[in-house]
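Input: a single structure, listed below in structure tokens.
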Amino acid sequence: MEKDKQTAPTIIGLSPNVVKTKELINHVADTGLNIIICGESGVGKEVVAQNLYHRSPRKGKPFVKINCAALPEGLLESELFGFEQGAFTGAERRKRGKFELAHGGVLLLDEIGDMSLSLQAKLLHVLQSGEFSRLGSEKELKTDTWILAATNHELEEDIKNEKFREDLYYRLNIIKIYLSPLRERPEDIPVLIDYYLKKYSPRFRNNSLNPDYSLIEKLQEYHWPGNVRELQNVLKRILVLGNWEEIVDELTRSTYAKNDSTSDKASSKEPSVVSDILNSADGPLQNLESFSLKDIKRRALNRVEKEAISYVLDRTDWNRSKAAKILKISYKTLLYKISDLKIVPPKKF
Amino acid sequence: MEGVEMNKSYKLLIIDDNKETLSMLHAFFSKKNYEVVSSLSGLDGLKLFESEKKGFDLVITDLVMPNISGVAVISIIKKKNPDTPVIAITGWGEHPEALASEAKADLILSKPLQLDELEVSILDLLSIKK
Ligand SMILES: Nc1ncnc2c1ncn2[C@@H]1O[C@H](COP(=O)(O)OP(=O)(O)OP(=O)(O)O)[C@@H](O)[C@H]1O
Ligand SMILES: [Mg+2]
């Protein structure tokens, strides 16, 4: 923890998403503008926040973090703004809030998407005016804090569902840094493995103990719902148990189990049809920026076509001219669709 | 080329993540003999701004863009170069205008743009600057 204060944690990775993230960090760290860092749990949002801090003129000043999801509303409010003695029962002496503690430095509002609407309104007021007061006091105190906010929510969705204030969103979203899930940047996995093996264990410094390429490939196919944090845990387990194959197999097996059920935790926030389509065979969407209704429509159509054609092919025992007749398309079109939609005949044992 | 004062064209930097808007603006001002540099993202726009030694006479930026928003572009440019006029344009139904004026945009226009009016405003801002 103390060491973290001296240097920024290294951001490992060579995917376009990581490269762009580093570029953004270098470009905006000295601006003091509000920044939203978003992405799934464990993708490295806090690492980005710390890198911003370490490259900013505020380095050496306080870096204060508060988790907006971990505390009930009232407690979160008093943690943020502090309170005067006697402000409420139990307020036995004056306490400074995070805004005061972060004065001159950085305040990381972690899990901002989980903040209640009424507290969002209070936060917005502070961001607009640059002033706040301790609970139980009328006195306005000036604050000079660089606000970084992190979330694994899709705030645009939360705004539509009236769970997040649009005006607060615009005020925070002066700059946005989006980290994609690890499964969308498998090229980062080998370098992360290399980095963490060397970091965790001196035994790996001499490269001779590195895992088989085929094992790494398997890890690249895994869907990593817990992202880089999960990768770290897997590597630690491997180091303790010393058995790559077993642990990698275990992961891969659980992947198949997950694919069978529709209630995958990572996608439970989205309607299942859409999330299925988003993760469909022709590649998951990189991020919301590339989301378009047209694209969804095309993917949805492809999927429906694929299912319909597979169904008829199954029922006709893959008699393609029969199937074409039933589907009322030409034989040639059917052959084209089979290859285009990557429909494969069932394996005969 | 010194002395051919009449032909000296203004240099504009235009930033908008919407391709159509960007090429429309680019075409319009190029035809009117402005020197136009355009960019599809806030980050690239800032890089162009920073690498242009002689600077730009004026910047036009969209407000809602991924990563580096127009509000950020305006703040950063105004901090580095307070004298460069910046015009912000906003799409329909977006509300970061207040932020744009806090960031000291010289003018905020909403889409759809009236190009002739936009040019009048540009000439206004450029003549104040002189
Ligand atoms: N690109 C990276 N290079 C090196 N380490 C990384 C990278 N991304 C994440 N990590 C490591 O993974 C772990 C999880 O990262 P971090 O805590 O920043 O994630 P997070 O996005 O804040 O997750 P959460 O939403 O759960 O808070 C940390 O130990 C961090 O150091
Ligand atoms: Mg975190």
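The values are calculated or read from the model by the stated rules, or taken from the named source; none is laboratory data. Only a predicted model underlies this, so the values are computations on that prediction, with no experimental measurement involved. As a convention, Cβ positions derive from the backbone with ideal geometry for all residues, glycine included, and neighbour counts pool all protein chains shown. The area values use the complete protein model at the heavy-atom level, side chains included, leaving out ligands, DNA and RNA. Shrake-Rupley method; radii C 1.70, N 1.55, O 1.52, S 1.80 Å.
Partner shielding of A:26-33 amounts to 4, given as the average count of beta-carbon atoms from other chains within 10 Å of each residue beta-carbon. For the stretch A:16-180, the direction-averaged projected area of the alpha-carbon convex hull comes to 9.5 nm².
If R0 is 35 Å, the Cβ-Cβ spacing of B:Glu119 and A:Leu301 corresponds to a FRET efficiency of close to 0.20. Between B:Ser110 and B:Thr90, the built amide H atoms are under 5 Å apart, and every one of these is 5 or more places off in sequence or on another chain. In the protein assembly as shown, the DSSP-assigned H stretches of four residues or longer account for a calculated mean residue ellipticity at 222 nm of -14000 deg cm²/dmol, using -39500 (n - 2.57) per stretch and the full residue count as denominator.
Over the protein assembly as shown, with every protein chain in place, what whole percent of the accessible area is carbon and sulfur at 1.4 Å, could you tell me? Its accessible area is 53 percent carbon and sulfur atoms.
Between the C-alpha center of the stretch B:50-77 and that of the stretch A:232-249 there is a gap of 48 Å.
Shown is the FRET efficiency for A:Ala308 and A:Ser118, computed with R0 = 41 Å from the Cβ-Cβ distance and rounded to the nearest 0.05: 0.25. As a rough guide to protection, the peptides A:225-234, B:27-36 ranked by mean Cβ packing within 10 Å, highest first, stand as A:225-234, B:27-36. Starting from the Cα gyration tensor of the protein assembly as shown, take the square roots of the eigenvalues, sort them a ≥ b ≥ c, and report rounded, prolate or oblate (rounded when a/c is under 1.5, otherwise prolate if a/b is larger than b/c, else oblate). Oblate, since a/c reaches 1.5 and b/c is not below a/b. Taking Lys and Arg as +1 and Asp and Glu as -1, the other residues whose beta-carbon sits under 11 Å from that of B:Ser39 total -3.
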